[in-house]
Amino acid sequence: MDHYFTNNQKLKSNINVLNKNIRGKEYLFYTDNGVFSKSALDFGTKLLIEALPFEKMQGTVLDMGCGYGPIGLSIKNETTCEVDMVDINLRALHLAKMNAKKNKLDVNIFESDAYTNIRHKYNYIITNPPIRAGKKKVYEILRGANNYLNENGELWFVLRKDQGAKTTVRDIGDIYTVKTIVKDKGYFVFCATKRGKSVDIA
């Protein structure tokens, strides 16, 4: 079965337009078949964006698995950060570029299967990991971020409790200190920093 963290060039296109208010800012997003959450901004992504410390963010940001771009574009719109946005899904990348242009935001958007095309380190790596792609891919993204974060860099991610949030945090605790930033409706937003042990989910 195909999922959004893949490429299916045969899938019929059906462009959809979303008008969204994120953190008090208005955005227009183009979405399409074959991309994550095409009909609405999903709750987990919205919760993650709202939890990010925009007021203190600076330097470089990687939006890993960017989809049509709400995370990276909202960061660029509200901070001075240099933002890279990557995905394996070519349709998602095309939409992200359309959305960057429509919202007049200057970001770098390119193809990468997890970190295969990443060439430098970041102050922040942000992701709503592709659960449907499987545990191996999710762990590749979360654990792999350790190699692409600056010394004091932060990995921010969102997971649902029923998708194994507690187990995942425990399993990455050998390389990160993980803090629970917010929890709502079974979703948890985490911030992980290099080296240390994870904390239990309350």
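Is it true that some residue in segment 77-88 is part of a helix (DSSP H, G or I) and either out of contact with any His (no Cβ under 6 Å at 6 or more places or on another chain) or within 16 Å of THR45 (Cα to Cα) (or both)? First the steps, then the outcome.
Of all residues in segment 77-88, those part of a helix (DSSP H, G or I) come to 77-78.
Within this subset, residues satisfying the condition of being either out of contact with any His (no Cβ under 6 Å at 6 or more places or on another chain) or within 16 Å of THR45 (Cα to Cα) (or both) are 77-78.
Looking for residues that are part of a helix (DSSP H, G or I) and either out of contact with any His (no Cβ under 6 Å at 6 or more places or on another chain) or within 16 Å of THR45 (Cα to Cα) (or both), one finds at least one in segment 77-88, hence yes.
Which numbered condition trips up PHE36, out of (1) of a type in the set (Phe, Trp, Tyr); (2) under 26 Å from ILE175 (Cβ atoms); (3) touching a helix residue (DSSP H, G or I) at 6+ places or on another chain (Cβ under 8 Å)?
The failed condition is (2).
Please go through segment 145-169 and give me each residue that is under 19 Å from TYR115 (Cα atoms) and small (Gly, Ala, Ser), ordered by number.
ALA145, GLY153 - these are the residues of segment 145-169 that are under 19 Å from TYR115 (Cα atoms) and small (Gly, Ala, Ser).
Inside segment 17-71, can you point out the residues that are of a type in the set (Ser, Thr, Tyr) and touching a residue at least 40 places away in the same chain (Cβ under 8 Å)? Lay out the reasoning, then the answer.
So the first thing to find is which residues in segment 17-71 are of a type in the set (Ser, Thr, Tyr), and the list is 27, 30-31, 37, 39, 45, 60, 68.
The answer is TYR27, TYR30, THR31, THR45, THR60.
Does LEU28 qualify as being in a loop (DSSP other than H, G, I, E, B), among the aliphatic types (A, V, I, L, M) and farther than 24 Å from GLY144 by Cβ?
On the way: in a loop (DSSP other than H, G, I, E, B): no; among the aliphatic types (A, V, I, L, M): yes; farther than 24 Å from GLY144 by Cβ: yes.
Answer is no for this residue.
Checking the conditions here, which among LYS194, LYS185, LYS135 is within 18 Å of the chain's Cα centre (by Cα), in contact (Cβ under 8 Å) with a residue 12 or more places away in the chain and surrounded by fewer than 21 Cβ atoms within 10 Å (Cβ to Cβ)? Steps first, please.
Details: LYS194 fails: within 18 Å of the chain's Cα centre (by Cα); LYS185 fails: within 18 Å of the chain's Cα centre (by Cα).
From the options LYS194, LYS185, LYS135, the qualifying one is LYS135.
Pull up segment 72-108, narrow it to residues that are without any contact (Cβ under 8 Å) to a residue 40 or more places away in the chain and under 12 Å from ASN123 (Cβ atoms), then point me to the one that is surrounded by the most Cβ atoms within 10 Å (Cβ to Cβ).
VAL83
Among the candidates SER37, SER74, single out the residue that is farther than 24 Å from GLU140 by Cα and of a type in the set (Ser, Thr, Tyr). Show your work before the answer.
Details: SER37 fails: farther than 24 Å from GLU140 by Cα.
None of the other options fit; the residue is SER74.
The numbers here are math on the coordinates, done by the rules we state, and not lab data. This one's a predicted model, so the numbers in the text were calculated from it and none came from an experiment. No Cβ is skipped: glycine too gets one built from the backbone with ideal geometry, and neighbour counts run over all protein chains shown.
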